[in-house]
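The values are calculated or read from the model by the stated rules, or taken from the named source; none is laboratory data. Here the structure is a predicted model, which means the values were calculated and not measured. Quick reminder, even Gly has a Cβ in these numbers, built from the backbone with ideal geometry, and neighbours come from all protein chains shown.
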Amino acid sequence: MKNPKTLYDKLIDSHTVCELDDEGHVLLYVDRQVLNEYTSPQAFSGLREADRRVRRPEASLAVVDHVNSTEAQRISVQPEEGGALQVNFFEKNCKDFGIELFDILDRRQGIEHVVAPEQGFILPGMVIGAGDSHTTTYGALGAFGFGIGTSEIEHLLATQTLIYKKLKKMRVVVSGALGVGVTSKDIIMAVIRNIGASGATGYAIEFCGPTIEALSIEARMTVCNMAVEAGARGAFMAPDEKVFEYLEFKPRTPKGQLWLQAKEKWAQLYSDAEAVFDKEISLGASQIEPMVTWGTSPDQAVNINGCVPNPREETDPIKRKGMERALAYMDLAVGAPIEEIAITHAFIGSCTNARIEDLRQVAAVVRGKKINPDVRGMIVPGSSEVRVQAQLEGLADIFISAGFEWRQSGCSMCLAMNDDVLSPGDRCASSTNRNFEGRQGAGVRTHLMSPAMVAAAAINGHLCDVRTISMEND
């Protein structure tokens, strides 16, 4: 085969308008962009100041998700002045520039990285730009999604192109069967722990292997979503029949003959057998256990049956210093069993883990149980459509009966930009993607894990192994 290519090569080459230099910079055509109220205001202001229009308004989808309230009774006016200003300005921008908006009261509203795939706005082979780092989620559909800054959003809206530097390529192969209670969240957390929070900086990751192929599309989205927490600016999986089945009846996918032609094209989106990667990593699925973070970076994680690590055992002085700071912030003692860490809050939500499959897993854990009286539990679905589906399936009743707050969709406590903010000293078991200092509120301590693990912790009042809960149910 002449010039074998990786999937990344194929996507970038097919969207390159022209090469700009000998250092890998190209002018990249972008098929579509997803906008939110938080990262777009300056971009629209820049367009107005330069008297520019949006080149392809139909290539944009706008969603309110970061600052909106998730109170159970949805209202159009936001309770916080800052959030209300952002939402109102966003609505004006979309109207003035002719961009479709899913506003607060739209039945399709939700977190952008949940909404765009469920609407069929993201298709295999596309290049997608958005003002949010977790745009990597779209790699689960065989698209190339990446986060961009405000100035880049302005350039993209005005030209439908971006100046882009090509990345190196990493392949992560996962083989074997996952154990009971082990999820896609545990896979990506294990990868991040393995390579570090900067281990994929400068790379695009292609995930493959029998374990990845066995995952559902929503589970694959979780893996691609959190690849950015290892520093990756792109994450991919070759589209297969599962992807095609997931997309076929979405509102915005091609229909009829166009659908058949599209599938034929998409079937060619894979890395050639002889394609060369700059780095390769292999993981055995049977060795992956339910994971929990103990520190303030997603790579500071251990198995649920592990203990808080000792910084003195770390030979790298920079990492050791980071561990010491994390332990001080998290108020944890070296050697303490992870399962003995008590929590005050349990949060299930975010673009990482708030889809219908995640909520079904949570319901399986909490059905017939009550959460600990010392724990406040919150469940925030990833979109309004997910919320409706959960109610139709009876999942919402299970959550409410167990003592969880059943809320409206939005980013919510993933980054605490609305009124869903915790207090200093609170400790939260969270299905989100980042556990940085202050991420869920000043002085708040966050432990990342799968939705099912969050549910188990909520029931017990402390971090615990969800497999123990499952065995008690059997």
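Quick notes on this one:
- Boolean, SER175 is touching a Ser or Thr at 6+ places or on another chain (Cβ under 9 Å), surrounded by fewer than 23 Cβ atoms within 10 Å (Cβ to Cβ) and assigned by TED's automatic domain parsing to the domain that holds ALA227: yes
- Across the range 219-271, the number of residues qualifying as more than 13 Å from LEU11 (Cβ to Cβ), assigned to a loop (DSSP other than H, G, I, E, B) and either of a type in the set (Val, Ile, Thr) or out of contact with any strand residue (DSSP E or B) (no Cβ under 7 Å at 6 or more places or on another chain) (or both) comes to 12.
- Pairs meeting the criteria (first residue in the range 14-27 and outside the structural domain of TRP266 (by TED's automatic domain parsing) and in a loop (DSSP other than H, G, I, E, B), second residue modelled with pLDDT under 95 and among the hydrophobic types (A, V, I, L, M, F, W, C), beta carbons under 7 Å, at least 6 apart or on different chains) are lacking.
- Failed item in (1) modelled with pLDDT under 95; (2) not in a helix (DSSP H, G or I), with ALA84 passing the rest: (2)
- Selection status of GLY129, under 18 Å from the mean Cα position of the chain (by Cα), surrounded by 23 or more Cβ atoms within 10 Å (Cβ to Cβ) and not in a helix (DSSP H, G or I): yes
- Matching residues in the range 97-126 - criterion: being aliphatic (A, V, I, L, M) and either part of a helix (DSSP H, G or I) or within 22 Å of ASN68 (Cα to Cα) (or both): ILE99, LEU101, ILE104, LEU105, ILE111, VAL114, VAL115, ALA116
- Of the criteria (1) closer than 29 Å to ILE356 by Cα; (2) touching a helix residue (DSSP H, G or I) at 6+ places or on another chain (Cβ under 8 Å); (3) at pLDDT 95 or above, which one GLU112 fails: (2)
- Residue check, GLN440 free of Cβ contacts under 8 Å to residues at least 24 places away in the same chain and more than 19 Å from PRO373 (Cα to Cα): no
- Subset of the range 372-401 that is among the β-branched types (Val, Ile, Thr) and in contact (Cβ under 8 Å) with a residue 60 or more places away in the chain - its residue that is nearest to ALA456 (Cα to Cα): VAL375
- Assessment of the range 64-73 against the conditions (of a type in the set (D, E, K, R), within 20 Å of ILE379 (Cβ to Cβ) and under 16 Å from the mean Cα position of the chain (by Cα)) yields at least one matching residue.
- Residue, farthest from GLU213 (Cα to Cα), within the range 277-294, restricted to residues that are in contact with a strand residue (DSSP E or B) (Cβ under 8 Å, 6 or more places away or on another chain) and assigned to a loop (DSSP other than H, G, I, E, B): TRP294
- The set of residues in the range 322-361 being of a type outside the set (D, E, K, R), more than 30 Å from VAL388 (Cα to Cα) and either in contact with a Cys (Cβ under 7 Å, 6 or more places away or on another chain) or not assigned by TED's automatic domain parsing to the domain that holds GLN391 (or both) consists of GLY335, ALA336, PRO337, ILE338.
- First in the range 83-106 and loosely packed, with under 14 Cβ neighbours inside 10 Å, second anywhere and part of a helix (DSSP H, G or I), Cβ under 6 Å, 6 or more apart: GLY98/PRO57
- Residue within the range 437-451 that is of a type outside the set (Ser, Thr, Tyr), surrounded by 24 or more Cβ atoms within 10 Å (Cβ to Cβ) and part of a helix (DSSP H, G or I) present: yes
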